[in-house]
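Heads up, the thing below is written out as C-alpha cells.
The values are calculated or read from the model by the stated rules, or taken from the named source; none is laboratory data. As the structure is a computational prediction, the values presented were derived from the model and not from experiment. When we count neighbours, we look across all protein chains shown, and the Cβ atoms used for this are built from the backbone with ideal geometry, even at glycine. Note: accessible area is taken over every heavy atom of the protein model, side chains too, but ligands, DNA and RNA are not part of it. Shrake-Rupley method; radii C 1.70, N 1.55, O 1.52, S 1.80 Å.
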Amino acid sequence: MVEFSHVHSVTEMPEGDDAKCSFQNRMFLEPQEKKRSMKTLVVKQAKKSCSCTPAKVKDYVFSFFPVLQWLPKYKLREYLLGDIMSGVIVGVLLVPQSIAYSLLAGQEPIYGLYTSFFAGIIYFIFGTSRHISVGIFGVLCLMVGQVVDRELQRAGYDLEPDALSVLADTAAYVNTTISPVNRTSQKLLCDKSCYAITVGATMTFIAGVYQVAMGFFQVGFVSVYLSDSLLSGFVTGASFTILTSQAKYLLGLDIPRSSGIGSVIATWINIFRNIHKTNICDLITSFLCFLVLIPTKELNEHFKSRLKAPIPVELFVIVAATLASHFGKLRETYGSSIAGHIPTGFLPPSPPDWNLIPNVALDAIPIAIIGFAITVSLSEMFAKKHGYSVKANQEMYAIGFCNIIPSFFHCFTTSAALAKTLVKESTGCRTQMSGMLSSLVILLVLLVIAPLFYSLQKCVLAVITIVNLRGALRKFKDLPKMWYLSRVDTAIWIVTMASSALISTEIGLLVGVCFSMLCVIFRTQRPEAPLLGWVAESETYESLSAYKNLQTKPGIVVFRFEAPLYYINKECFKSTLYKQTGVNPVWVKTAKKKAAKRMLREKQVDSGGNETSISMDSVSEPLGFHTIVIDCCAVQFLDTAGICTLKEVCRDYREIDVQVLLAQCNPSVRSSLIRGEFFKEGEDHLLFHSVHQAVDFALGSQGHSWTSASK
C-alpha cells in the first residue's frame, strides 16, 4: 500500500495538562495503480477501431445513417399529422426566404431554391435532431456573398453589366469549371451568374470537407471557444452588414457591392453619394412591404401560443408584389430591378472548380466553424428540451454532407437556422420527416411555380431579408440584463458585434474568439483571493469580504486563491497573499537583518569593540499570526512555476517563523506537488482535506509549542 505520509486529514489534540501533538486517526490515500502504459492503450484502441465484425459493421452503418434507425419505428398515426403541418408551413416560408437570401449570397434566385431543397433531403438521411431546420442562413449567405464578390472582381466580371442579353439565360446550363484566364472565351462559356455559383459551390464543397474532417477527427471541442455571447454578438454584427448590403435594393440604387475591411462604412458612403438616384417606385414598394411585414410578424410572435401555424405573410407579400409588378409594368415604366427569369427543373450536376480551391480554402474555415457550431448548439438545445439525445459528431457529418453533396448541384453553404427551427417546433414537428416534406414543397416550386416570379422586384426580397433580422437586432434590448449578469460576457458581445460590423465578418469572428480567450486569461491572472472566516458552530469557512458575522481564529490566517496557479498569475498570487496577510516575508527578513546589524553596531560601541552576537528573534516585532492556511479548493491545476511559487512562499514564511498549510487540494494538485518534490524529509508541509482540520492542527501544534516553551 502506498501511503501519503504527509497527507493528514484529522489531527486530534488530547485534553489535559500534558497536551501533546497527536497524529492519530490519520487518513491515508492509496492511489489507483496505472498498470497500462501509453503503448498498451494505443494498441488496444487501434485493435478496437480496426476490428471488423458483422455486429460492428451494422452498428456503424446505423449510426452513420440515422434514418435507418428511426424510420422503421415511425408511428404514422402519432407523428404524421404534425410532420405534415410543420413540413408544409416551413416549406412555404422557405420559398421566399430562399429567393431573398440568394441575393445576399450574390446568386440567382434559382440557386437558393436548389440549396434549400437538397439540404432538407440530405439532413433527413444523416441528421440526428428531430426539430432543427437546415437550409439557408443569413450570416453564412453574407460570408459567401463577400467571397463571391471578391472572386468576381478578380476575374474581371465587375466590368460586365448586371444583365446580359441572350447569354444570361443559356450560359448557366453550360458545365464550365475553367479559371477565367481568357476573358473573351470566358464570356462565351460562363457569364457572371454562372461564375458566381461556381465560386459559391466550390467554397461550399471545401467548407463541407472541413466539417466532415472535424467530425472524423472528433474535434467538436472547437465550438467550445464560441460562447453564446460571442455567437450572439457575431450574428448581431453580421446583421448590420446584411442590412447595409440590402439597403441599395430598398432605394433601387445600382452601386457596386463593397467588400473587405470597412465594407459597411464604404457602402453607406456610396449610398449617400448616390442618394439622388433613388428609384421612387422601389422606395415606395419597400415602404409598403415594411408596413405589411413588420406588424404581421409582430402579431405572429404575440399570438404564437394561440395560432396553430404562423401566417405566411412573406409568401402573400411576394405573390401580391409579383402581380403588381407584372400588371403595372414597373420595370418598363419606372426601371425597377426585378428577379428575372427563374428556370424550372434542375441543372446538370458539375464538380467544383478545383482551380478555385486555393483562393477560397481559407475563407471556408470560418464558414465551416460557424455552420457546425450553430447546428450543433441548436441540435443539443432542442434535444434537451424534448428529452432525446443527439450525437455532436454525427451532426458535423450531417451538416458537412449537406454542403459537400449539394455543391455538385449548384448550391451554396447551409446550416441550421433558429427562426425556421422555432417555427418547425411550434407547428407540431415530431421527426426529420418534416424536413423531407419541406423539400417536396420547394420541389413543387422548382418544377412548376418558379417562372411566375419573373416580375418580382428585388426590393421586396431585400425587405424580407431585413425584416428577418429583427431577432438579432433586438439583442440590444438585452444588454442591461446581460451587463447585470456578467460584465465580461457583455464586453465580449460588444467587441465581437462592433468588430464584425465595422471591420469584417471573418475578422470580427477572429477578434471575438481572441478577446474571449484573453478575458479568460485575465480572469485567472487577477482572480479573487479573499481571506476566510469561520461560520460559528460549523466547519465552514467563507469570505470575510462577502459575508458578515464570521469569526477568525487567533494567530491563524485563512487565504483562498480562486484560480489555477500557473506562470501567468504566480506574481499575483504572491502579491495578493502578502497584501491580505499584511506581511511580506522578504521585507520582514530584510528588516530583521538591518535591525540586527544596527543593534550590533550599537552594542559594539557600548562595549568598546567587544564582539557580541544578537539573535534575529530578539529584534523582531510580533507579526500577529503564526500560521497561514491556503484553501486550494479553487486551484484546478499547478504548473512548474506554480509549484516553485508555493515552495518559495513556504520557505520565506518559515524563515520568519510562520508555517504554511495547504487544504482541500484536488488529486491533480496533490499529484503535481508530489512530482515537483514539494514534500521533503524533515519539512512540515502538510496537506489537509478541509480548512477546518488544518485550523485545528495549527491551533493544536501552536498550543503544544507554547507548553513546551513554558516547561
| What net charge is computed for the residues neighbouring residue 516, neighbours being all others with C-beta under 12 Å from the C-beta of residue 516, Lys and Arg scored +1, Asp and Glu -1? | -1
| query | Classify region 294-360: rounded, prolate or oblate, from the alpha-carbon gyration tensor (a ≥ b ≥ c, eigenvalue square roots; a/c under 1.5 rounded; otherwise prolate if a/b is larger than b/c)? | reply | oblate
| said: Can you give me the solvent accessible area of residue 344 with a 1.4 Å probe, rounded to the nearest 10 Å²? | reply: 60 Å²
| task | Starting from the Cα gyration tensor of region 516-588, take the square roots of the eigenvalues, sort them a ≥ b ≥ c, and report rounded, prolate or oblate (rounded when a/c is under 1.5, otherwise prolate if a/b is larger than b/c, else oblate). | result | oblate
| field | Estimated FRET transfer efficiency when R0 is 41 angstrom, pair residue 357-residue 636 (beta carbons, to 0.05) | value | 0.45
| field | Theoretical FRET efficiency, 1/(1+(r/R0)^6), r = Cβ-Cβ of residue 315 and residue 654, R0 60 Å, to 0.05 | value | 0.15
| message | Using 20 Å as the Cα-Cα cut-off, could you pick out the over-long pairs in 248/475; 192/458; 56/384; 304/420? | response | 248/475; 56/384
| Say R0 is 22 Å: what FRET efficiency, to the nearest 0.05, do residue 69 and residue 46 get from their beta-carbon distance? | 0.20
| Of 298, 314, 655, which has the most accessible area with a 1.4 Å probe, and how do the rest follow in descending order? | 655, 298, 314
| request: With only Lys, Arg, Asp and Glu charged, each at its Cβ (+1 for the first two, -1 for the last two), find how big the charge dipole of region 194-305 is about the Cα centre; round to the nearest 20 debye. | output: 240 debye
| request: Would you please state which residues of region 463-484 a label at residue 523 would reach in this model, taking the label point 7 Å out along Cα→Cβ and a backbone N cut-off of under 19 Å? | output: 479-484
| Carbon and sulfur %, accessible surface of region 463-579 computed with the full protein complex present, 1.4 Å | 60 percent
| field | Full-extension gain in nm, residue 674 to residue 470, via 0.36 nm per residue minus C-alpha separation | value | 67.7 nm
| Shape of region 210-309, Cα gyration tensor, a/c cut at 1.5 | oblate
| said: Please list, in order along region 508-516, the HN-Hα scalar couplings obtained from phi with the Karplus expression 6.51 cos²θ - 1.76 cosθ + 1.60 (θ = phi - 60°), rounded to whole Hz, x for Gly and Pro. | reply: x, 5, 5, 4, x, 5, 5, 5, 5
| query | Under 17 Å from the 7 Å Cα→Cβ point of residue 326, by amide nitrogen: which residues of region 433-474? | reply | 445-458, 460-461
| task | Check each of the chymotrypsin sites (Phe, Trp or Tyr not before Pro) in region 211-302 and keep only those in coil by DSSP with at most 15 other C-beta atoms within 10 angstrom; list them in order. | result | 217
